[in-house]
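The values are calculated or read from the model by the stated rules, or taken from the named source; none is laboratory data. Because the structure is a prediction, the values reported are computed rather than measured. Cβ placement follows ideal geometry from the backbone for every residue including glycine, while neighbour counts extend to all protein chains displayed. Accessible surface is based on the protein model in full, side chains and every heavy atom, while ligands, DNA and RNA are left aside. Shrake-Rupley method; radii C 1.70, N 1.55, O 1.52, S 1.80 Å.
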Amino acid sequence: RMNAENYKPQRNTKIETLIREDFDNLENWSIYADFLLEKGDPRGELINLELALEHEKYNKNSINNNNIKKIQEKVDGLYEEFSEIWLGETLSELIDNEIIDSQWDQEGKEINLMRFGFASSIRVEADYVEGDFKLPNSDL
């Protein structure tokens with residue numbers, strides 16, 4: 001597996017297009033994770049862990065808090081190691097400093113700002129943004 005020092009993002013435009021067209025289709029994310037894992041890209045591991053986490057949290061028959069905690073620790077470790085690479089220095093810093101506000105849907109559930117190593121929804125107060133705001137590899 002690549003580490004932060006030798007990380008080179010892997011691309012598959014066909015799968016990425018499918019994901020852009022239907023961001024919530026977990027089957028496409030699973031296919032993308034397999035592609036990334038074959039290339040040694042740790043984002044594939046992250047996607048699989050987050051898919052497992054969603055399964056554990058939402059499948060009432062398999063909820064295991066200990067398992068959820070272990071998966072979340074692995075997810076957190078990958079974000080800690082790679083967030084600046086995956087998200088860019090500016091966005092990573094905004095998240096680390098909790099400048100990006102939590103967002104809520106119409107039912108009062110918190111919207112996940114990060115999903116599968118990509119920023120899925122971001123709202124930043126204009127006062128906090130200085131200089132250029134660029135996201136690396138933000139095609140998805």
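Quick notes on this structure:
- Pair list, Cβ < 6 Å and 6+ apart or interchain, from region 10-35 residues that are within 13 Å of Asn48 (Cβ to Cβ) to residues that are assigned to a loop (DSSP other than H, G, I, E, B): Trp29/Phe116; Phe35/Asn12
- Restricting region 57-90 to residues that are open to solvent by 60 Å² or more (accessible area, probe 1.4 Å) and touching a helix residue (DSSP H, G or I) at 6+ places or on another chain (Cβ under 6 Å), the residue that is modelled with the highest pLDDT: Lys74
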